Amino acid sequence: MKQLHNIMAPLILFCLMVVSGLPGFAQEQGEATSQVQDVITPKEEQENTVDVKEIVFGHIGDSYEWHITTWGKTHITIPLPIIVYSNSTGWHMFLSSRLEENGGTYEGLSIAPEGSKYEGKLVEYNAAGEQVPPWDISITKVTFALLFNSVLLLVIVLSVAHWYRKRPQGAKAPGGFVGFMEMFIMMVNDDIIKSCVGPNYRKFAPYLLTAFFFIFINNMMGLIPFFPGGANVTGNIAITMVLAVCTFLAVNIFGTKHYWKDIFWPDVPWWLKVPVPMMPFIEFFGIFTKPFALMIRLFANMLAGHMAMLVLTCLIFISASMGPALNGTLTVASVLFNIFMNALELLVAFIQAYVFTMLSAVFIGLAQEGAKVKAEEK
């Protein structure tokens, strides 16, 4: 007991000294912090602030150059060709780097500033000082990624076709990448196209297979964080609109008489058709809502996935000024959530291609209803 007393007495005295010294220490730390804060100017504080909006919309949006990375204060970018036609000055063709070299304006063309009606697009100014957009067919970031991914898809498909062309029918089943592609193509053809379209599936299989693999490869390339990946192609509503229009044309151009009869004179009680054509109007309106739903579903899902991953990544830099404990915690959480989101986006990349193809096949199949009856009779 005496030994315990000899140990505890110095320990309690030491703790009292530490506690009594804490206010002074905290005051010194507060003074030191305030001195550091006084040294930081508002300009430096603004430079060190992370602009989440600029980062997120800069990555998911389109641009006239491809930003690779930033090394210190140097932006490493790949300039892309600008091709525009102006009603007043004719054709202009130059690299986007010319704009930066000449203070943002080159040959009378400049990029519209933030808040403008044509924000981010090339414009020229007329005599009244108004912004006038030229006819723009430039190779932007999304356009370049679209062309690159399309060429990549052609190389993959043609290489698989070349393998089959060299072998006689009934040869040994392929392995490796060709075997994987055969399994993939047969899955889409048998499980989606054949079962949803019906007897006339062979007529629409080329388009539906192209749509599936086009969406899938663009989704996958969008998840690669470095050049030539990372572009938000399927998160661009113009791309999804063209795909939806293709499905719209395939449904309505090749629709049977039975399909059009069900639209303009459906099998419902007469009072729903005469004197007010309520059901024909609803059916006709449905012709346009179906492709619109295809367009919005693909666009919104892919855009939301990219935005979620970018915001989670920005958490690391936002919390840098909040102290090491909070920054470390949020960094770990951000990394873990990003790993989860990337794994989820891999699944979403396949699901969105699958759903778009399946719904397109269903819509085409419904428009072929009369053809199904004839095929069954034969």
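Quick look at the values:
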| item | result |
| --- | --- |
| Largest to smallest accessible area among Met358, Met302 [probe 1.4 Å] | Met358, Met302 |
| Residue-normalised accessible area of the stretch 66-179, given per residue in Å² at a 1.4 Å probe | 67 Å² |
| Violating pairs (Cα-Cα greater than 32 angstrom) within the set Lys203/Lys273; Lys73/Lys117; Lys141/Lys172; Lys141/Lys166 | Lys203/Lys273; Lys141/Lys172; Lys141/Lys166 |
| ³J(HN,Hα), Karplus 6.51/-1.76/1.60, whole Hz, each residue of the stretch 308-319, x for Gly, Pro | 4, 5, 5, 5, 5, 5, 5, 4, 4, 7, 5, 7 |
| Overall Cα dimensions of the stretch 52-120 - principal axes, largest extent first, Å | 39, 24, 19 |
| Residues with amide H under 5 Å from that of Phe94, placed H, sequence gap 5 or more | Ile82 |
| Euclidean distance between Cα centres, the stretch 292-315 to the stretch 171-190, Å | 31 Å |
| Equivalent ellipsoid, the stretch 223-353 (semi-axes from 5 times Cα gyration tensor eigenvalues, Å) | 48, 17, 11 |
| List Thr89, Thr69, ordered by accessible area with a 1.4 Å probe, largest first | Thr89, Thr69 |
| Part-to-part distance (alpha-carbon centres) for the stretch 250-286 and the stretch 83-148, which is given in Å | 46 Å |
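The values are calculated or read from the model by the stated rules, or taken from the named source; none is laboratory data. Given the structure is predicted, the values throughout are model-derived calculations rather than measurements. All accessible areas refer to the heavy atoms of the entire protein, side chains included, with ligands and DNA or RNA removed. Shrake-Rupley method; radii C 1.70, N 1.55, O 1.52, S 1.80 Å.
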